[in-house]
Amino acid sequence: MMVPGLLAAPFLLLAAAAPPLALAPCRVPGVEREVLCGRLEVPERRDLAASRRISLSVVVLPATGPGPAPDPVYVLSGGPGQAATRGADRALVEHGATLKQRAVVLVDQRGTGGSHRLACQWHPEGDMRRYLSGGYDLEKVRACRDELAAKADLTAYTTRDFVRDLEDVRAALGHERVNLDAGSYGTRVALDYMKLFPGRVRSAVLRAVSPPDYRNPLPFARAGQEALDALFAACRKDAACNKAYPELPAEFAKVLARLDKGPVTVEIKNPATGAVQKAEIGREVFVTRIHLLLFASRLAARLPSFVHQAAQGDFVPFAQMAATFGHYIVDQLDVGMQLSVICAEDASRIAERDIEEASAGSFLGAGRPREVLRACALWPKRPLPADFLTPLRADVPVLIVSGTNDPVTPPRFGEQAARGLPRARHVVVAEGSHVDGAECLDALVTAFIAAGSADALDASCVAAIKRPPFVIGE
């Protein structure tokens, strides 16, 4: 069906190289109003004539105002492993003002959500290890690989494969040009799309930049330590936090020393069932969950309290939050697709000497990258495209947003991407983290997309964004 604000003109749909994408009214979780849903079939392997075909899930939030613009916003999710359509409610909020002028398009990346999902379930829902796992269980990685390989070519679920899917969706919907709004891993997709199809991009928003040559998870240790040090420094400068937790770094070291002796056992509520269960907190679980809490400033504000209580021998508050957050992460990420991306694009460029250098002196240590390398030794992959790591040069208006306390993609990665983008504007949020939101940032993105340029963008409101107050005594 043809919808005002979705297609610029009827002939565009007929002229598209890809098959038409039929849309129909539908409902999606978290969105009260009716939206549009459709599916597009694409080859799983474009280099094989006899390739199986897979179906992509597409959701469109139509523009609400009169005379909508012909260039919608395509939202690209992170992870890797997040399905864009699962974030339809968030897109509705962040792009509330933009939706008066433009439609918003959500495409589940192949291997996620409704697009030939590649999910690995390490533990059943009733098992607390599902939410407090220390990482990959290699036997379960093998089992998941074998199960998924029966329905998918696991080498065909990479960034470049999805970039070509996006181009097929764009053509099928008849959009001459699009605006991209990408976060975290989604910025890698956006940068690669601009490399292949720069003429199709009117503007791009890159939040928490993860460029193609980023080697996930190698930078986590250094960036995570920098974010933790910054948090401890902020606590020292905050009268209430410093009074409550004057020895925070020493208490953190005390907790790590305790966990080096072995895991602690706690009783907490299963975040899925509500049942009280026993759970083990070992060092690897503790440090990886501390790192995850640093992703969002509102969660990081509770970290001093968690560390203090754990130093006193009470790990329950930390464990309950870690399990709750773990439940959210498990529901958000399709791990089979994540491994297909990371093993082909990241782990293939990580050596043991890199791990030693990158993790030295960090609380995270070398556990995560070594674990990824072991898992990726079991996962199928094919060589990267010859131009995948070639630095991008594109004359596209770009708004880059970074947070100084981002524990995975701090501003240096945004600066790196900006070097090849002469029309880029890099906005850095002081004490901002990885997934923080703010009305100011939403307004900036709205103004940038409306203008299609960052030249006259007034970013003065960013200076007023404040870190959430520390939570004391919980």
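The values are calculated or read from the model by the stated rules, or taken from the named source; none is laboratory data. Owing to the predicted nature of the structure, the values given are computational and were not obtained by experimental measurement. Note that each Cβ is placed from the backbone with ideal geometry, even for glycine, and that neighbours are counted across all protein chains shown. To get the accessible areas, we keep the full protein, side chains included, count just its heavy atoms, and leave off ligands, DNA and RNA. Shrake-Rupley method; radii C 1.70, N 1.55, O 1.52, S 1.80 Å.
Given the criteria at pLDDT 95 or above, in contact with a Ser or Thr (Cβ under 9 Å, 6 or more places away or on another chain) and either among the small types (Gly, Ala, Ser) or open to solvent by less than 10 Å² (accessible area, probe 1.4 Å) (or both), does Val408 qualify?
Numbers: at pLDDT 95 or above: yes; in contact with a Ser or Thr (Cβ under 9 Å, 6 or more places away or on another chain): yes; either among the small types (Gly, Ala, Ser) or open to solvent by less than 10 Å² (accessible area, probe 1.4 Å) (or both): yes.
Yes: the conditions hold for Val408.
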Go through the residues of region 163-185 one by one and say whether even a single one is within 30 Å of Ala377 (Cβ to Cβ), in a loop (DSSP other than H, G, I, E, B) and not aliphatic (A, V, I, L, M). yes
Name the residue that is farthest from Ala103 (Cα to Cα), counting only residues in region 29-48 that are open to solvent by 20 Å² or more (accessible area, probe 1.4 Å) and either in a strand (DSSP E or B) or hydrophobic (A, V, I, L, M, F, W, C) (or both). Leu48
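Residues to consider are Arg86, Arg188; find the one that is more than 18 Å from Trp379 (Cβ to Cβ) and open to solvent by 10 Å² or more (accessible area, probe 1.4 Å).
Numbers: Arg188 fails: open to solvent by 10 Å² or more (accessible area, probe 1.4 Å).
Residue meeting the stated conditions: Arg86.
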Residue that is nearest to Met194 (Cα to Cα), among those in region 122-136 that are touching a Lys or Arg at 6+ places or on another chain (Cβ under 9 Å) and surrounded by fewer than 17 Cβ atoms within 10 Å (Cβ to Cβ): Gly135
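State the number of residues belonging to region 450-465 that are touching a Ser or Thr at 6+ places or on another chain (Cβ under 9 Å) and under 20 Å from Phe232 (Cα atoms). Steps first, answer last, please.
Initially, region 450-465 is screened for residues touching a Ser or Thr at 6+ places or on another chain (Cβ under 9 Å), giving 450-454.
Retained after the next criterion (residues that are under 20 Å from Phe232 (Cα atoms)): none.
Total satisfying the criteria: 0.
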Sole exception among (1) closer than 30 Å to Ser453 by Cα; (2) modelled with pLDDT of 95 or more for Pro211, by number: (2)
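Within region 106-121, track down each residue that is open to solvent by less than 40 Å² (accessible area, probe 1.4 Å) and modelled with pLDDT under 95.
Step one: of region 106-121, the residues open to solvent by less than 40 Å² (accessible area, probe 1.4 Å) are 106-115, 118-120.
Scanning region 106-121 gives Ala119, Cys120.
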Please name all residue pairs, on different chains or six or more residues apart, with Cβ atoms under 6 Å, provided the first residue is in region 229-249 and is of a type in the set (D, E, K, R) and the second residue is surrounded by 12 or more Cβ atoms within 10 Å (Cβ to Cβ). Arg236/Asn242; Asp238/Phe470
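Residues checked against (1) without any contact (Cβ under 8 Å) to a residue 24 or more places away in the chain; (2) over 20 Å from Asn179 (Cα atoms):
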site	(1), (2)
Arg425	no, no
Val428	no, yes
Ala443	no, no
Ala447	yes, no
Gly473	no, yes
Which one of these does Tyr157 not meet: (1) modelled with pLDDT of 95 or more; (2) farther than 15 Å from Asp334 by Cα? (2)
Can you tell me which residue in region 425-449 is nearest to Lys237 (Cα to Cα), limited to those that are open to solvent by less than 50 Å² (accessible area, probe 1.4 Å) and more than 20 Å from the chain's Cα centre (by Cα)? Cys440
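Go through region 395-405 and report how many residues are out of contact with any Phe, Trp or Tyr (no Cβ under 8 Å at 6 or more places or on another chain) and either crowded, with 18+ Cβ neighbours inside 10 Å or closer than 18 Å to Pro217 by Cα (or both). Even if it seems obvious, please write down each step before you answer.
Taking region 395-405 as the starting set, the residues that turn out to be out of contact with any Phe, Trp or Tyr (no Cβ under 8 Å at 6 or more places or on another chain) are 395-396, 398, 400-401, 403-405.
In the following step, the residues that additionally are either crowded, with 18+ Cβ neighbours inside 10 Å or closer than 18 Å to Pro217 by Cα (or both) were identified as 396, 398, 400-401, 403, 405.
Of the residues in region 395-405, 6 are out of contact with any Phe, Trp or Tyr (no Cβ under 8 Å at 6 or more places or on another chain) and either crowded, with 18+ Cβ neighbours inside 10 Å or closer than 18 Å to Pro217 by Cα (or both).
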Does Ala244 meet the test of being surrounded by fewer than 17 Cβ atoms within 10 Å (Cβ to Cβ) and more than 26 Å from the chain's Cα centre (by Cα)? no
For region 356-389, which residues satisfy the criterion of being farther than 30 Å from Phe252 by Cα, in contact with a helix residue (DSSP H, G or I) (Cβ under 9 Å, 6 or more places away or on another chain) and open to solvent by 20 Å² or more (accessible area, probe 1.4 Å)? Ala377, Leu378, Pro380, Lys381, Arg382, Pro383, Leu384, Pro385, Asp387, Leu389
If we ask which residues in region 54-70 are more than 23 Å from Gln109 (Cα to Cα) and either charged (D, E, K, R) or not in a loop (DSSP other than H, G, I, E, B) (or both), their number turns out to be 0
In region 31-40, residues that are out of contact with any strand residue (DSSP E or B) (no Cβ under 6 Å at 6 or more places or on another chain) and without any contact (Cβ under 8 Å) to a residue 60 or more places away in the chain total 2
